[in-house]
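What follows is a single structure, written as structure tokens, with notes after it.
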Amino acid sequence: MRHPNQATLALHAGGDLGRFARWRTTRHLAQCGRCREEAAAFEDVRRVLPELTEMPDVPWNRLAAEIKANIRLGVAAGECVRAAEPPRRESLLFNAGRAAVAFASIVVLVVTGMVLEHPAPTLARQGPLVENTRYGIQVVQPGGQTLGLMNAGAQKVTYLMDARGSMEARYVDPETGYVTINTVYAQ
Amino acid sequence: MLGLLGAASLLAQDGAVSDCFVKINLPADSPVALLGTTGSCRPTARGPALMLDVNVSLTVRNISANRIHGVRLRVVSQEVVAGGVATVYQPSLNVGPGETFPMRIVAQLMRPTQVAVGPLVQVNLDGVLFQDFSFYGENRLHSRRIMTANEMEAQRDREYLKRVLAQGGVPALRDAILKILKRQDDLPQLTGRWLRGGHTVTNAALAAVAPEHEAKFASLQFPDSPIQLMDGSAMLAGNEARAPSIEVRNIARQPVRYVELGLVLTDSSGRQYLACSLPSTDPAFSLPPGGSARVSQQDTLNFSAAGQPVNIQKMTSFVSQVEYSDGKVWVPNRQSLDNSILEKVLAPSAEEQRLATLYVRKSIDSVVEELKKF
């Protein structure tokens, strides 16, 4: 016997089913005691609902919290009683040996990466940085403020760094035709 | 919002450069006068920062009675004044009284968008060097020594080319100029980064292969050098050199107050580059005749070439500049520079570059005429 679902029984209790669905459900209820009890419970709820609207100061927030707590409790209880998953069957494509090889490969990859990267003294920059770029020379402060002197479109530029923290760019200015020596200092 | 408003107000600043963002300060007794400025200042929003492109052309007149051979301007950005300053220097000038010459400042600033009060860039006169080596200026960035050394190099190279012209005529002078151009073209280009204290972001693989180790310097000793190089080393790791230090001895008869060394690096393929200069920075540095001292820096230098890290194998030092206590400056002579290592790594001097450019833009006759002016 195929039983109507909860929604159909609730709609039947409220008299909201269509003509054919109501005839079919009434016919089923005549033969099924369990569904008859369900439908009767829905009719009881319907009778109580108008009274609920008259209840003063319903603590909806507390009710919502209780409902959420009950849902969580139910979910947790469900996890407790869930049967353990059956063990994965070994196949030609997936077996312990292949898993070991895959794991070892990952370990080798990670160790190689660490060997190559870890000794790099890539410390956070505390002080200013002086450098030459494609377009000129610049001093960059730790906060990102930058002062740069550009090569003004010169083709051949000679750079010279000074170990005390300055950089020089020498070129012939294409506009003035004069030799120009730019220097930035990180003082 | 304030930054955006500031940027918007700056957008229309082409033409005459406003004092709002670039201010040229010349003292009342300055030997040069500013006849005019043109240029532009273009702000571009870069995330939370504002990038400012400044391109200013100055027209400067020599209002002194002497011929000017060099002018050095100090450029200070308001935002980075605590840690950043720059200079724009025109060496190898030959500007007579009443004559004018152009100077150009092409700068780029990255700054927070909060607009500060006052000009963003201040330009001051740090030094003017005259034909007779007399000097005018605030000299805050050692302009006197730097400009004197450049002028001595210029005199040295002009004398050499005059000798070539006298001995071999115009064809010999043309050959000498062509050699300068070839040297400029063949110069290995190095990208360098300097970082105070700790390490730069070095190449990890190179550092793993070659962990930091102390490497002794080789040295080139010039016969006429007032300074003898004794013993030097630096900490090397991959493409990084840290804390270079070298002991020097004064073998001249006069006290020395400044020494500057050049460091040449050799990579794993044997290619050589002029890596950096190593100056004595202690203001109290003083080397009596026969005395010795260490020239050292604690900071870190990082090198790459053509986008690839340079695996430093060896460093070679030489004396590039010495200042005596009386302010006179020594620079290496042509015979000293005629060296198998230095001829590959040293750029032509500013004067050689100027004369070679004159040859390219005009003719060998223009170079001959130019040499006759000195």
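Structure values in brief
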{"read-out": "Length released on extending from residue B:178 to residue B:44, taking residue separation times 0.36 nm less the Cα-Cα span", "value": "44.0 nm"}
{"read-out": "Gap separating the Cα centres of region B:291-367 and region B:33-52, nearest whole Å", "value": "33 Å"}
{"read-out": "Rounded to the nearest 20 debye, dipole of region B:115-200 from Cβ charges on Lys, Arg, Asp, Glu", "value": "220 debye"}
{"read-out": "Likely footprinting exposure, B:213, A:12, fewest C-beta neighbours within 10 Å first", "value": "B:213, A:12"}
{"read-out": "Cα→Cβ-extended label distance, 7 Å offset, between residue B:26 and residue A:36, nm", "value": "11.4 nm"}
{"read-out": "Overall form of chain B per C-alpha gyration tensor (a/c, 1.5; a/b vs b/c)", "value": "oblate"}
{"read-out": "Mean separation of Cα contacts under 8 Å, 6 or more apart, over the residue count of chain B: relative contact order %", "value": "15 percent"}
{"read-out": "B:136, A:159 arranged by Cβ crowding within 10 Å, fewest neighbours leading", "value": "B:136, A:159"}
{"read-out": "Residues in region B:341-364 that a label on residue A:155 would reach, taking backbone N under 14 Å of a point 7 Å out along Cα→Cβ", "value": "B:356-362"}
{"read-out": "Sequence-distant lysines (8 or more away, or on other chains) whose Cα lies within less than 25 Å of residue B:216", "value": "B:314, B:344"}
{"read-out": "Charge dipole (chain B, unit charges on Cβ, about Cα centre) - positive-most of B:325, B:295, B:345", "value": "B:345"}
{"read-out": "Candidate aspartates and glutamates - alpha carbon under 19 Å from residue A:68, same-chain residues fewer than 8 apart omitted", "value": "A:79"}
{"read-out": "Distance violations [Cα-Cα > 22 Å] among B:162/B:182; B:328/B:372; A:156/B:373", "value": "B:328/B:372; A:156/B:373"}
{"read-out": "For B:146, B:63, order by how many other beta-carbon atoms lie within 10 Å, fewest first", "value": "B:63, B:146"}
{"read-out": "Anisotropy class of region B:322-374 from Cα gyration tensor, a/c 1.5 cut", "value": "oblate"}
{"read-out": "Over chain B: helical MRE at 222 nm, DSSP H runs n ≥ 4 each giving -39500 (n - 2.57), nearest 500", "value": "-7500 deg cm²/dmol"}
{"read-out": "Peptide B:85-98 - average C-beta neighbours from other chains (10 Å radius)", "value": "4"}
{"read-out": "Cβ neighbours within 10 Å from other chains - mean over B:271-278", "value": "3"}
{"read-out": "Of B:227, B:124, B:63, farthest towards positive along the dipole that unit charges on Lys, Arg, Asp, Glu beta carbons give chain B", "value": "B:63"}
{"read-out": "Residue-averaged beta-carbon neighbours from other chains (10 angstrom radius) around A:128-135", "value": "5"}
{"read-out": "Calculated FRET efficiency for the pair residue B:159/residue B:325, C-beta based, R₀ 25 Å, to 0.05", "value": "0.45"}
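Only the coordinates and a few stated rules stand behind these numbers; no lab work does. Not measured: the values here are computed from a predicted model. No Cβ is skipped: glycine too gets one built from the backbone with ideal geometry, and neighbour counts run over all protein chains shown.
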